[in-house]
Amino acid sequence: MQKLRRELPLHLMILPGVILLILFQYVPMAGIIIAFQKFIPAKGLFGDQKWIGLDNFRYVFQLPSFTAVIGNTVVISLYKIILGLIVPVIFAILINEVRNKRFKTSIQTTIYLPHFLSWVVLGGILIDILSPSDGLVNRMIKAFGGSPIFFLGDNKWFQFTLIFSETWKEFGYGTIVYLAAITGIDPNLYEAAQIDGANRWKQTLHVTLPGMKMVIVLLMVLSLGNLLNAGFDQVFNLYSPTVYQTGDIIDTFVYRIGLLDAQFGVATAVGLFKSIISFVFVSVAYFSAYHFADYRIF
């Protein structure tokens, strides 16, 4: 009882967050029943709707484009995860080697900034920069004798553009965790390595990277839970019908089929399918984090 009284202020502090979580995350889960109905909005969520079992799922799985949507989601998300791990690690090591504090701070601020900009803003900037007619990038390509590239309208280049732009936007923010991991490495290890004749490169290989290993492994396994989240905001603001073949992902597919085509049951079925697969990935990720990095939620 004394422990409860002592911790009561802490429980009261998290109470608003718990209420919001229940209202906006758990209560809407009642809408899952739409996936098993031929849903007519006029009858209401709990009205006399026609139950059709798994027909919505069968319909989705038989669509020729659905396999491509799954493939696009996995490929885009997987490359984003890989580069989202490698690039921040490299830059964190490079920034750590900078000795001028003012220069180091200015670099950090510059690479952090894109993370705080929405894809609505960055999407407009990228559309202008990558324009095949008068965009900055294509002007440079033409200046070196190349042909203009329609980055946002060519299926060969669209996935690359998504992956590269997402990595550029987020890698600066990702370096924060790795810089913190580097600062936690015992300085005596570097001194011992210097005494043994190790240069900066060998110190990085044999001291810095091993010291960051647990953080890298932890973030890597936890990122598995986002394997089906390829970035709706980014894709929605950059794609067009000409690049559906390589740019359409699960979230944009649900948006189109649900809100634009008004096939609410089918869209809910796709969303439920994604949620189940994501739940499996999240479970595997946390089990792996516990097993390989001794990570515990509690």
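Name every residue in region 1-60 that is surrounded by fewer than 10 Cβ atoms within 10 Å (Cβ to Cβ) and in contact with a strand residue (DSSP E or B) (Cβ under 8 Å, 6 or more places away or on another chain), in order of residue number. Of everything in region 1-60, just one residue is surrounded by fewer than 10 Cβ atoms within 10 Å (Cβ to Cβ) and in contact with a strand residue (DSSP E or B) (Cβ under 8 Å, 6 or more places away or on another chain), namely Trp51. For Pro114, state whether it is surrounded by 15 or more Cβ atoms within 10 Å (Cβ to Cβ), touching a Lys or Arg at 6+ places or on another chain (Cβ under 6 Å) and over 25 Å from Gly71 (Cα atoms). Yes; evaluated as a whole, the condition is true for this residue. Figure legend. Inter-residue proximity from region 271-284: first residues more than 15 Å from Ile249 (Cβ to Cβ), second residues loosely packed, with under 14 Cβ neighbours inside 10 Å, beta-carbon distance below 8 Å, spacing 6+ or different chains. Indicated pairs: Leu272/Ile32.
Summed over region 231-241, residues that are assigned to a helix (DSSP H, G or I) and either touching a Leu at 6+ places or on another chain (Cβ under 9 Å) or at positive phi (or both) total 4.
Is it true that Lys104 is surrounded by 14 or more Cβ atoms within 10 Å (Cβ to Cβ), of a type outside the set (Phe, Trp, Tyr) and over 26 Å from the mean Cα position of the chain (by Cα)? Even if it seems obvious, please write down each step before you answer.
Values: surrounded by 14 or more Cβ atoms within 10 Å (Cβ to Cβ): yes; of a type outside the set (Phe, Trp, Tyr): yes; over 26 Å from the mean Cα position of the chain (by Cα): yes.
Yes; evaluated as a whole, the condition is true for this residue.
Condition check for Ile257 on (1) under 18 Å from Tyr59 (Cβ atoms); (2) in contact with a Gly (Cβ under 6 Å, 6 or more places away or on another chain): one failure, at (2).
Per the conditions (1) on the phi < 0 side of the Ramachandran plot; (2) at pLDDT below 85; (3) not aliphatic (A, V, I, L, M), the sole criterion not satisfied by Gly44 is (1). Residues in region 107-123 that are part of a helix (DSSP H, G or I) and under 20 Å from the mean Cα position of the chain (by Cα): Ile111, Tyr112, Leu113, Pro114, His115, Phe116, Trp119, Val120, Val121, Leu122, Gly123.
Between Leu20, Leu94, Leu126, Leu15, which is farther than 29 Å from Val221 by Cβ and either more than 21 Å from the chain's Cα centre (by Cα) or among the β-branched types (Val, Ile, Thr) (or both)?
On the way: Leu20 fails: farther than 29 Å from Val221 by Cβ; Leu94 fails: farther than 29 Å from Val221 by Cβ; Leu126 fails: either more than 21 Å from the chain's Cα centre (by Cα) or among the β-branched types (Val, Ile, Thr) (or both).
One residue alone meets the criteria, Leu15.
Scanning region 197-221 for residues that are part of a helix (DSSP H, G or I) and aliphatic (A, V, I, L, M) gives Leu205, Val207, Leu209, Met212, Met214, Val215, Ile216, Val217, Leu218, Leu219, Met220, Val221. Exactly one residue out of Asn237, Asn188, Asn226 is surrounded by fewer than 16 Cβ atoms within 10 Å (Cβ to Cβ) and out of contact with any strand residue (DSSP E or B) (no Cβ under 7 Å at 6 or more places or on another chain): that is Asn188.
The values are calculated or read from the model by the stated rules, or taken from the named source; none is laboratory data. This is a predicted model, so every value here is computed, not measured. Quick reminder, even Gly has a Cβ in these numbers, built from the backbone with ideal geometry, and neighbours come from all protein chains shown.
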